[in-house]
Amino acid sequence: MCVWAGAPMNAQAQSLQYFAFLPVVMKPCPVHSFIQDGGMEAGAPNPHWFTSSSQFSDVLDDSPVPAAHTGAWKAWMGGDNSVTEVISQTFAIPAGVTQFTLRYWVWIDTQDGAGGDTLAVQLRNASGGVIATLDALSDASTIPTWTERVVTFTAPAASALQLAFVAQTDALDPTSFFVDDVSLNAVCS
Ligand SMILES: [Ca+2]
Ligand SMILES: [Ca+2]
C-alpha cells in the first residue's frame, strides 16, 4: 500500500510536481484461533475449558442426541430449572492485538419463551472480572437449530483475557443452550 503525499502548489509549480511513496508497515496477523479446542472434542474433563455447574452436572456432553454441531462433543448448558452453568477459557494475546472476531455456534431448545433463561457471552480479564458482554441470548431468542453467531469487538490491551459463556435458567420451564465450534481471531488491517 502506498500513500500519495505530494501535490502541485499551483500551475507554475506543476513542473515541480512530485510524489512520495511512503511504506505502510503491516504487522503480521495471527491466523490461528486464540481459543483452543473450540469444538470441545478433547471431551471432559477438558484441558482447555474450565466448566462449572450449580448442579454439579457435566457441562461438556457427548450424547449422540441432541447431536453436536461438529464432532461428538458440545457444551450443554441449562437443561433444568434454577441452574447456572459456565464454560470459560483464558487465552494469551500477542502484543498490539486488540480487535477480535468471535464466532460460535449455538442452538437454544426451550420449553419457556418468556426470556428469563439467558446465555451471556462475556469478555473477562484474566482474573475473571467481567469487562463486557459480547452477546446476550435468551429463551426468547428464536434459534431452534445450530446457528452461527459472529461478534467483532475491541478489547483493552492485555496479555491475557478470558472468554466465558454463562447460562442461567429461572425456576420454571427449562431451556437448554448448546454451544460448539468457538473461534476467536484477531482483526488486522
Ligand atoms: Ca464439537
Ligand atoms: Ca425457564
(request) Using per-residue counts of other Cβ atoms within 10 Å, averaged over each peptide, order 164-174, 122-132, 37-47 from highest down. (result) 164-174, 37-47, 122-132
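For a Förster distance of 22 Å, can you work out the FRET efficiency between the beta-carbons of residue 160 and residue 80, rounded to the nearest 0.05? Don't skip to the answer; put the middle values down first.
Numbers: r = 33 Å, r/R0 = 1.48.
The pair residue 160/residue 80 has a calculated efficiency of 0.10.
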(message) Quick check for you: which residues of the stretch 85-99 have the amide N under 17 Å from the point 7 Å beyond the Cα of residue 152 toward its beta carbon?
(response) 97-99
(request) Could you tell me the distance between the Cα centroids of the stretch 134-181 and the stretch 90-113, to the nearest Å? (result) 7
(request) If a/c stays under 1.5 just call it rounded; otherwise compare a/b with b/c (prolate if a/b is bigger, oblate if not). Do that for the stretch 33-186, with a ≥ b ≥ c from the square roots of the Cα gyration tensor eigenvalues. (result) prolate
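How would you rank 112-121, 50-59, highest first, on the average number of other Cβ atoms within 10 Å across their residues?
Details: 112-121: 18.3, 50-59: 15.1.
Ranking the peptides 112-121, 50-59 by packing returns 112-121, 50-59.
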(request) Please figure out what share of the DSSP beta bridges in the stretch 98-189 is antiparallel and state it in percent, rounded to the nearest 5. (result) 100
(message) Which of 85, 148 has the fewest other C-beta atoms within 10 Å, and how do the rest follow up to the most?
(response) 148, 85
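With contacts defined as alpha carbon pairs under 8 Å and 6 or more residues apart, what's the relative contact order of the stretch 33-186 in percent? It would help to have the intermediate numbers written out before the result.
Working: 398 pairs, mean separation 55.3, N = 154.
Relative contact order for the stretch 33-186 comes out at 36 percent.
Grab the Cα-Cα distance for residue 91 and residue 56, subtract it from 0.36 nm times how many residues apart they are, and report the gain in nm with one decimal. Mind dumping the intermediate values first?
Working: separation 35, 0.36 × 35 = 12.60 nm, distance 2.50 nm.
10.1 nm is the gain from fully extending residue 91 to residue 56.
Read-outs: derived from the displayed coordinates by stated rules, not from any lab. Worth saying up front: this structure is predicted, and the values here are computed from it rather than measured. All Cβ positions, even for glycine, are placed from backbone atoms using ideal geometry, and neighbour counts span all protein chains on display.
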